[in-house]
1. Determine which single condition D333 fails, assuming it passes every other condition in (1) assigned to a helix (DSSP H, G or I); (2) surrounded by 19 or more Cβ atoms within 10 Å (Cβ to Cβ).
2. In region 164-205, which residue that is more than 22 Å from E119 (Cα to Cα) and surrounded by 20 or more Cβ atoms within 10 Å (Cβ to Cβ) is nearest to the chain's Cα centre (by Cα)?
3. Kindly indicate which of S251, S272, S232, S243 is outside the structural domain of R158 (by TED's automatic domain parsing), under 30 Å from S162 (Cβ atoms) and part of a helix (DSSP H, G or I).
4. Please give the number of the condition R172 fails out of (1) at pLDDT 90 or above; (2) touching a Pro at 6+ places or on another chain (Cβ under 8 Å).
5. Restricting to region 121-149, and then to whatever is of a type in the set (A, V, I, L, M) and crowded, with 16+ Cβ neighbours inside 10 Å, can you tell me which residue is nearest to G86 (Cα to Cα)?
6. Within region 290-312, work out how many residues are part of a helix (DSSP H, G or I) and touching a Phe, Trp or Tyr at 6+ places or on another chain (Cβ under 6 Å).
7. List every residue pair whose Cβ atoms sit under 6 Å apart, with the two residues 6 or more apart in sequence or on different chains, where the first one lies in region 291-318 and is in contact (Cβ under 8 Å) with a residue 24 or more places away in the chain and more than 18 Å from F397 (Cβ to Cβ) and the second, anywhere, is assigned to a helix (DSSP H, G or I) and of a type in the set (V, I, T).
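The values are calculated or read from the model by the stated rules, or taken from the named source; none is laboratory data. Predicted, not measured: the structure shown is a model, and the values here were computed from it. We place every Cβ from the backbone using ideal geometry, glycine too, and count neighbours over all the protein chains shown.
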Amino acid sequence: MSDFTADNGPAKAAGKSSLFTQTARTKRRNAAETRFKVYGIGAIALGLFFLVALLFSIITNGIPAFKQTFVTIPVELTEAKLDKNGNRDPADLAKVTTFGYKPLVTNALVAALKEQGIEIPFAKEKDVEDILSSSVAAQVRDTVLANPDLIGQTVDFRLLASSRVDGYFKGRVTRDSLARDKNLDAEHLDVADAMVKAGLMKTSFNPAFIFGSDASESRPEQAGIGVSMVGSFFMMMVVLVLSLPIGVAASIYLEEFAPQNKWTDLIEVNISNLAAVPSIVFGILGLAVFIQFAHLPMSAPLVGGLVLTLMTLPTIIISTRASLKAVPPSIRDAALGVGASKMQSVFHHVLPLAMPGILTGTIIGLAQALGETAPLLLIGMVGFIASNMPDGIAAGFLSPNSAMPAQIYEWAKRADPAYYERAWGGIIILLLFLMTMNIIAVILRRRFERRW
């Protein structure tokens, strides 16, 4: 029996480590993952910062547009001036122009100032009328024509102050800036301050900005976006009525019935390319086809709706086809297996399951069309002053009008700073419409969504 020498075995392989111990390579991978998470969080935080900054800028600049400075004074509607014959005949009353009403308003303002003990620092007392908007005479005239029984009475009117006075109380106009202004001077602001203390002048909510009509460049205090909202409504009706059935029908045919060949491939490629075409190209197409060739009225919501329909169709077709593709093939096979025709399987089974995506895509396409301005430039909706509501449904489609984005663009390029303020206010209203449409899309998707 020989001695046995115990052997401890081969030496542990160099570089081998435990699974519970991080190697240098693992540490580098974990560090890279941590950095990527930090980059992602930083990107989200930066995006949220710019979003909050944008919303803050829009709100702070746009909220003043919803307020307006008003002057409340009693105006004596003298019968000898307004109805010399005393018969209250509408035709005779209409003959009195705004020039006949302006002295009544000026005299009423001067009398109200004297009654409150406010000094008028002008050689000519009537110069104090520059505090009021140039539209006040028309405002009083429209009230009298609507209710002739007011003639002969003294009626309290809530009249618009001029844009400079309104800007002064909103911080947009300063006394120093008035040194270069020919429309107003510091003495007018002194009178305005005294009127505020006396309760004759007050800045309050202005519903006419939301429901009113546009005004000329010299009367920004009277401008509203209501008529443009009506124009956008009629345009969206045209887009909805045309783009939804055409887009859905084209999508169903291409996805479910069309043979897969080079022609359908060519159509699909062109639809995808049309979705990326700049919107102003559709405006040029609309100008050439609908106005110059078809001789449809320029600036009409009908033409705007047709142009936006062409622009929206590719978006609706692409989203609808994606919704149809998302329906499992087993649904189609099961319907065909129980004896349904191809048409029945599509319209009774596939289409209802794809409806949430179709509705979502349609509403998103409409929201995109609602905010477009470039196509409307080419058909004249930007240059038109939307000063009157349409008389009826036919006039709503065919009469010249504007749209919300076109109205905002028009206000932004006008010289008076009061219009710049109104442009911000219009953006708030437009964003509310877009948010509403997107919320409706989410609700409809959740309402009709089916899981399988």
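1. (2)
2. Of everything passing the filter in region 164-205, G167 is nearest to the chain's Cα centre (by Cα).
3. Numbers: S251 fails: under 30 Å from S162 (Cβ atoms); S272 fails: under 30 Å from S162 (Cβ atoms); S243 fails: under 30 Å from S162 (Cβ atoms).
After ruling out the rest, the residue left standing is S232.
4. Of everything listed in (1) at pLDDT 90 or above; (2) touching a Pro at 6+ places or on another chain (Cβ under 8 Å), R172 misses just condition (1).
5. Of region 121-149, the ones of a type in the set (A, V, I, L, M) are 123, 128, 131-132, 136-138, 140, 144-146.
Right, trim to crowded, with 16+ Cβ neighbours inside 10 Å and you get 128, 131-132, 136-138, 140, 144.
On the way: V128: 31, I131: 32, L132: 29, V136: 24, A137: 21, A138: 21, V140: 19, V144: 14 Å.
Taking the candidates together, the pick is V144.
6. Let us first name the residues in region 290-312 that are part of a helix (DSSP H, G or I), namely 290-293, 301-312.
Imposing the further condition that a residue be touching a Phe, Trp or Tyr at 6+ places or on another chain (Cβ under 6 Å) reduces the set to 301-303, 306-307, 310-311.
Going through region 290-312 one residue at a time, the tally reaches 7.
7. Within 6 Å, the pairs are P314/I271; I316/T362; I317/I271.
For every residue, the table says whether it meets (1) farther than 25 Å from N61 by Cβ; (2) touching a Lys or Arg at 6+ places or on another chain (Cβ under 6 Å); (3) in contact (Cβ under 8 Å) with a residue 12 or more places away in the chain.
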{"site": "A146", "(1), (2), (3)": "yes, no, no"}
{"site": "R158", "(1), (2), (3)": "yes, no, yes"}
{"site": "K170", "(1), (2), (3)": "no, no, yes"}
{"site": "S177", "(1), (2), (3)": "no, no, no"}
